Amino acid sequence: MKTTSAHRSLKREIGLLSAMVIVVANMVGSGIFTTSGFIVGQLGSAWMLLTCWLVGGLFALAGALCYGEMGAMLPKAGGEYAYLHYAFGPVPAFLSGWVSLVVGFSAPIGAAAIAFATYFLGGGTEPWLAVEFAGRRWLTVSGVTLLACAVVVLFSIVHSHSLRLGTRVQNLLTMFKLAVIVLFSVAGMMWGKGDWSHLGAVPDNGAGGWGPFAVALIFVSFSYSGWNAAAYLGGEIRQPGRNLPLALMAGTGLVIALYLALNLVYVYALPASAMQGTLEVGTAAATALFGPAMGRAFGLVIALGLLSVLSAMIMAGPRVYYAMARDGLFFRRFAGVHQTRRTPVGAIWLQAAIAIGMILCAAYDALLIYIGFTLSLTAVATVAGLFWLRHTAPEMARPYRAFGYPLTPALFIVGNLWIVCHTVASRPLVVGCGLATIAIGWAVQSWFNKQSGQTQRHAAADTGLGPA
């Protein structure tokens, strides 16, 4: 497969509707179909479940408003990487790109693929091979993990082919998924055999309080992650000063409404005690509302809908690694695009390899907290960059200015730091993995700096311009 160097840039082919679809597709993924049971386990109340989804949505909307200004001001590929590079320099930018590679896209791709395979196969399957050490499972090979790996490979092939094919597949899958959510929500509340008294029932499990609420918001923030998806394709969106902010805000607002509606159906269908710890909460709700046959059918429909988020992340993520490599902060081979198709092929397959590793090695619920915690740190740093650029570069053209500034970015930063602090206290091992990921990124960045310095010294010596 032929690639060429980074001087062949990406093409601006994405319009407003497609950009909005990318945001919705990235957001509406495995989280909304899998995390509500874990959230109820933390909070113990249907009302608190709905409140948690609303608060998480407001945080995401605040972030979208802030990223809209950054994206309109700096319409480049890479999202947070490009914004942090301009605001704070190469080191924070590299760390954000590293987090995007491992946590922002590869890990959620793995989580979405696991959720797809679990729903498609009608539940988890017994592992064919499991490697355990120190009381923890480090490798799992089963029907679920193999199907999850296969679907990652399939969609990586699709998005390697061309942006046009990838966008068409993406739009089709997303429209299908949205139709499923709307139809299920309407049919469930109008004709399903549910009970609104579930809203008032509180199981006696000792859950509740601000600490558990903050940890539950980690699950919610994972489910809302993707509100910034269009920012990663800033170099391929037409009229980015207008279309990028609109796509971020409209897509996020639509998803908030869909999530609240779908969780209301879950609560109508199931008591909180039945939801706790349930991964396939969508199937469980459909079974309670319409019977086992419809539950099984809805599980298959959800599985097909999950392909949309998988496809969207496989499309968006490689643009970050492409931008890093183009700027000399990552391996140069990932700065190339296909000679004729103009897709970042090397970056796409790097991401696929890491996602497959996550599928085989990570537990699902721990993976969600790891993703939510680590991405919160990157998003906080990026929104802090908005404050910094307002102060240091007031002359820059800003086609869009964040609504509610400075309260909107302040709300986003304070809210996410509150979530992070409670997560540190309650999930130290998972937090340690997140911090270790950042530390490894720091070490890799230092290595790149050292290699770059050696290259520059050798070049100076070859031209006679080096120090005597």
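The values are calculated or read from the model by the stated rules, or taken from the named source; none is laboratory data. In this text, all values refer to a predicted model and were calculated from it rather than measured experimentally. So basically every Cβ, Gly included, is an ideal-geometry build from the backbone, and we count neighbours across all protein chains shown. Heavy atoms of the whole protein, side chains included, go into the accessibility calculation; ligands, DNA and RNA do not. Shrake-Rupley method; radii C 1.70, N 1.55, O 1.52, S 1.80 Å.
Applying the criterion of being under 17 Å from Ser106 (Cα atoms) and in a helix (DSSP H, G or I) to the residues of the stretch 24-46, the residue that is modelled with the lowest pLDDT is Ser30. Going through (1) closer than 16 Å to Leu199 by Cβ; (2) open to solvent by 30 Å² or more (accessible area, probe 1.4 Å); (3) small (Gly, Ala, Ser) one by one, Ala269 falls short only on (2). Restricting attention to the stretch 31-73, the residues being open to solvent by less than 10 Å² (accessible area, probe 1.4 Å) and out of contact with any Leu (no Cβ under 9 Å at 6 or more places or on another chain) number 2. Please verify whether the stretch 210-224 includes one or more residues that are in a loop (DSSP other than H, G, I, E, B) and either modelled with pLDDT of 75 or more or among the charged types (D, E, K, R) (or both). Scanning the stretch 210-224, I find no residue that is in a loop (DSSP other than H, G, I, E, B) and either modelled with pLDDT of 75 or more or among the charged types (D, E, K, R) (or both), so the answer is no.
Exactly one residue among Val99, Val23, Val28, Val103 is within 14 Å of the chain's Cα centre (by Cα), closer than 30 Å to Ser273 by Cβ, open to solvent by less than 10 Å² (accessible area, probe 1.4 Å) and of a type in the set (Val, Ile, Thr), and that residue is Val28.
Within the stretch 155-197, the only residue that satisfies the criterion of being β-branched (Val, Ile, Thr), without any contact (Cβ under 8 Å) to a residue 60 or more places away in the chain and within 23 Å of Glu236 (Cβ to Cβ) is Ile157.
Please enumerate the residues belonging to the stretch 367-409 that are under 28 Å from Trp98 (Cβ atoms) and surrounded by fewer than 16 Cβ atoms within 10 Å (Cβ to Cβ). The answer is Trp388, His391, Thr392, Ala393, Met396. Go through the stretch 411-423 and give me each residue that's surrounded by 15 or more Cβ atoms within 10 Å (Cβ to Cβ) and either free of Cβ contacts under 8 Å to residues at least 12 places away in the same chain or β-branched (Val, Ile, Thr) (or both). Passing the criteria: Ile413, Ile419, Val420, Thr423. At least 3 residues being surrounded by fewer than 24 Cβ atoms within 10 Å (Cβ to Cβ) and either without any contact (Cβ under 8 Å) to a residue 60 or more places away in the chain or over 21 Å from the mean Cα position of the chain (by Cα) (or both) is the threshold, and among the helices (runs of 4 or more DSSP H) wholly inside the stretch 278-334 those reaching it are 281-290, 292-316.
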